[in-house]
Amino acid sequence: MINPLSRDICPSSGRHYLCRAKFHYNSGYFSSSEPARRFASMPLLLFFISLFLFPSAVVAQNDTIDRRLDAVTVTAMRPLSRIGLQYSAIDSAALRDNISLSMADVLAFNSSVFVKSAGRATLSTVAFRGTAPSHTAVTWNGLPVNSPAMGLTDFSMLPSYLIDRAELLHGASSLSRTSAGLGGLVDLATSPADIADGTDFQYVQGLGSFSTLDEFARFSYANGRWRFSTRAVLSTSDNDFPFINKDRKVFVYDDSHTIVDSYYPEEKNRNGNYSDFHILQQIYFSAPNRHNLGLQLWYTGSDRHIPLNTVDYIDSREYIKLQRDNILRAVASWQHSAQGMSFSTKAGYIHHWNAFDYAVERSPGAMNWSNATRTSSDTYYGNGEWGWTPRPNIYLSASLSAKYDHVATVDHAALAGVNSYNKGRCDIGSSISARWQASPRLGLSTVLRHDVAGSDTDAPTPALFADYVICPAYNLTIKGSIARNHHFASLNDLYFLPGGNPDLQPEHGWSYDFGASAKRNLSPSTSISASANWYDSYINDWILWLPTNKGFFQARNIRKVHAYGIEANLGFDSRFGRDWALALNANLAWTSSINESQPASPADKSAGKQLPYVPKLASALTGIVSWKLWSLQYKGSYYSRRYTMTSNEETISGYLPRYFMSNLSIERTIPLRSVSLSAKLAINNLFDADYQTIMSHPMPGINYQLFLSIKI
């Protein structure tokens, strides 16, 4: 039955550029590499050039390359699972933008969250609503992937081409899926829905500035009840981009040793080369009687040299600054539905081995080792969920999960191995929820969660959600929520030596949301959408590492943080005639994240100040113009000033200036009878902005990438 107040699920799925994203979504992008690899790719490059210059030589008829679908509008009842939630879905076209992108890049240009990064293939973290990166929960196919040691996720190690679905649940909305996300949840998934019947193969090659090479390959097969997919990504680069080092000044002297001039030297990014390899295997089986089985295996092997910062004066001496990671993630799942009920279970495992080495030559042939750290972590996870729909407008559910984390770390360069620990912890979580569509316009939902971490427990975390459709014609809906949430300390906070504090209490707080959203089809081929949301949260016992009189830092529950702000989104989609299409999407976030705790010492000037590295204003804009088989895409992001110190001092090193980043790309697709070809040229940092997201870590100026794709 179709609800008269139904919402548009995909009002523009018939538009040409969206159809291409759907049927040729792996049309990727590319970068440049070492000479041998570059020479090996020349025949493919010449082949593509001939296709674009002389397409008639390989395309039999014009009508084979110019197909159009009329716009189709599909309507359905509002999903009960999204009552009152503040969520953002990342478009699949953004995930398939190009093979060089990580999820950090995707979120930076397609959401209002703050992405903190020192460049490609370096630690990249995501923070919601003025909270810390550890307050962002991250799941992959339901498996928590936050590091059990550090409590956060490195988004630079999550290639977007290995993700089929990405959703952001802001603030308290994350409680509908998991706990611990004081700021929010990034929910990632790989899906059998993207594995088409038959056999498919795709290869994408990327060539780019700074000797960068990206390669992607995918093979999939589906027949009857079985579906298989194998994906692999390889990225390598010298990453030796030039930059003007404004943290180092060179003085010019005359013959009497008097300074007569000075300048900032041009340098190259040193020690930034990397090699990342990922392989993802998916196997699905649809058994009789609505039983679905799935297995996903994801292996990552990474060797990354850590770039030297702009104030590192290692010049002629030999040095080692290297991080190596081997990660295995595995998820097995079972789902069953019958007679208004659904059951599902998941079992997951993560193994992460990490090595970090840092040494500088003390004398010829003798290295002075500062770090030689080896860390091994294992996560075992199990989850069971039950759902029941006693009536079409009521949904009840319950879940139970168990997770065991074990971390063993040792620094061989430390005296007597003092910087080491070997600890484990078992976390148990349970939840019950009820969702009720009280009327065609009013929806109500409640969630109650309770978690235990080892011998520590916290009060239950209740959450209430509601939404109401004010104007069905414009789908104008107001929504709100109130919730309590918490976050347990990481094993590093508890046990790292020296400085770990086993007496740390869970971070906890209350959050409040209120917002409105609307969507209107202006015509069969044009739609516009908008949303705005206000949030207010109070977090107590914020964990902070502070210096002690013993010469090291220690973790303490010290802060009370008040974070509040506004999030807004605007979208526009339109198709003009048979050949033109336009899509625009803009995100804006204004964030105030204030430390309201008492000074920890007479020298503490952080009270009443904005938290470090939290921009007051963040925005992102994407736009795509399509004409026939061509598309032009623009991506821009803006971050206001970010303070680097808790005191918010207006000194030269006390803040990072605001910056605006722009990327531009142009793509051409040629569909043949059994093969789809595409080529894409991307220009990153279009206006050659001089910027940093982390103090003293340079970022590349304008650079280029070429991506060539063949799909059979």
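The values are calculated or read from the model by the stated rules, or taken from the named source; none is laboratory data. These figures come from a predicted structure and were not determined experimentally. Note that each Cβ is placed from the backbone with ideal geometry, even for glycine, and that neighbours are counted across all protein chains shown. Keep in mind that these areas ignore ligands, DNA and RNA; they rest on the heavy atoms of the full protein, side chains included. Shrake-Rupley method; radii C 1.70, N 1.55, O 1.52, S 1.80 Å.
Of these, ASP247, ASP261, which one is more than 24 Å from ASN685 (Cα to Cα), at pLDDT below 95 and more than 23 Å from the chain's Cα centre (by Cα)?
Going through ASP247, ASP261 in turn, just one is more than 24 Å from ASN685 (Cα to Cα), at pLDDT below 95 and more than 23 Å from the chain's Cα centre (by Cα): ASP261.
Six or more apart or on different chains, Cβ under 6 Å: which pairs go from a residue in region 694-712 that's without any contact (Cβ under 8 Å) to a residue 24 or more places away in the chain and open to solvent by 20 Å² or more (accessible area, probe 1.4 Å) to one that's part of a loop (DSSP other than H, G, I, E, B) and not aromatic (Phe, Trp, Tyr)? Could you list them?
ILE702/ASN685; ILE702/ASP688
Step by step: first the residues of region 546-575, then only those that are under 20 Å from VAL614 (Cα atoms) and either exposed (fewer than 15 other Cβ atoms within 10 Å of the Cβ) or among the β-branched types (Val, Ile, Thr) (or both), then the one that is modelled with the highest pLDDT. Which residue is that?
Of everything passing the filter in region 546-575, ILE566 is modelled with the highest pLDDT.
Residues being of a type outside the set (Phe, Trp, Tyr) and farther than 24 Å from ALA172 by Cβ: count how many of those fall in region 483-501.
8
Can you find a residue in region 369-377 that is assigned to a strand (DSSP E or B), at pLDDT below 95 and more than 21 Å from ASN326 (Cβ to Cβ)?
Yes, some residue in region 369-377 is assigned to a strand (DSSP E or B), at pLDDT below 95 and more than 21 Å from ASN326 (Cβ to Cβ).
Take region 589-610 and flag every residue that is of a type in the set (Gly, Ala, Ser) and surrounded by fewer than 18 Cβ atoms within 10 Å (Cβ to Cβ).
If the condition is that a residue be of a type in the set (Gly, Ala, Ser) and surrounded by fewer than 18 Cβ atoms within 10 Å (Cβ to Cβ), then SER592, ALA600, SER601, ALA603, ALA607, GLY608 are the ones that fit.
Would you list the strands (runs of 3 or more DSSP E) that sit entirely within region 183-292 and hold 3 or more residues that are surrounded by fewer than 21 Cβ atoms within 10 Å (Cβ to Cβ)?
198-208, 212-223, 226-237, 242-244, 250-253, 259-263, 266-268, 274-287
For residues in region 399-442 being in a strand (DSSP E or B), within 15 Å of PHE496 (Cβ to Cβ) and β-branched (Val, Ile, Thr), which is least open to solvent (accessible area, probe 1.4 Å)?
VAL407
List pairs: first residue in region 575-597 and closer than 18 Å to LEU522 by Cα, second residue among the aromatic types (Phe, Trp, Tyr) and open to solvent by 10 Å² or more (accessible area, probe 1.4 Å) anywhere in the structure, Cβ distance under 6 angstrom, at least six positions apart or on different chains.
Close Cβ pairs satisfying both conditions: TRP580/TRP627; ALA581/TYR17; LEU584/PHE572.
In region 544-560, what count of residues is obtained for those that are part of a strand (DSSP E or B) and free of Cβ contacts under 8 Å to residues at least 60 places away in the same chain?
The number of residues fulfilling the criteria is 11.
Take HIS352 and decide whether it is in a strand (DSSP E or B), within 29 Å of the chain's Cα centre (by Cα) and in contact (Cβ under 8 Å) with a residue 24 or more places away in the chain.
In short, yes.
All but one of (1) under 17 Å from SER111 (Cβ atoms); (2) crowded, with 18+ Cβ neighbours inside 10 Å hold for ALA586; which doesn't?
Evaluating ALA586 over (1) under 17 Å from SER111 (Cβ atoms); (2) crowded, with 18+ Cβ neighbours inside 10 Å leaves (2) as the failure.
Can you list residue pairs whose Cβ atoms sit under 6 Å apart, with the first residue in region 205-219 being under 11 Å from PHE707 (Cα atoms) and the second being among the hydroxyl-bearing types (Ser, Thr, Tyr) and in a strand (DSSP E or B)? Count only pairs 6 or more apart in sequence or on different chains.
Between residues of region 205-219 that are under 11 Å from PHE707 (Cα atoms) and residues that are among the hydroxyl-bearing types (Ser, Thr, Tyr) and in a strand (DSSP E or B), the close pairs are LEU213/THR236; ASP214/SER235.
Surrounded by fewer than 21 Cβ atoms within 10 Å (Cβ to Cβ) and of a type in the set (Lys, Arg): is that true of ARG578 in this structure?
Yes; evaluated as a whole, the condition is true for this residue.
How many residues does region 162-182 contain that are within 30 Å of ARG324 (Cβ to Cβ), outside any strand (DSSP E or B), open to solvent by less than 20 Å² (accessible area, probe 1.4 Å) and of a type in the set (A, V, I, L, M)?
2
Do we have ALA607 as under 23 Å from ALA127 (Cα atoms) and in contact (Cβ under 8 Å) with a residue 60 or more places away in the chain here?
No: the conditions fail for ALA607.
How many residues, within region 134-161, are in a helix (DSSP H, G or I) and surrounded by fewer than 23 Cβ atoms within 10 Å (Cβ to Cβ)?
1
Need the failing condition index for ALA489 against (1) under 28 Å from the mean Cα position of the chain (by Cα); (2) outside any strand (DSSP E or B); (3) within 25 Å of LEU396 (Cβ to Cβ); (4) of a type in the set (A, V, I, L, M), just the number.
Only one criterion in (1) under 28 Å from the mean Cα position of the chain (by Cα); (2) outside any strand (DSSP E or B); (3) within 25 Å of LEU396 (Cβ to Cβ); (4) of a type in the set (A, V, I, L, M) is unmet by ALA489, namely (3).
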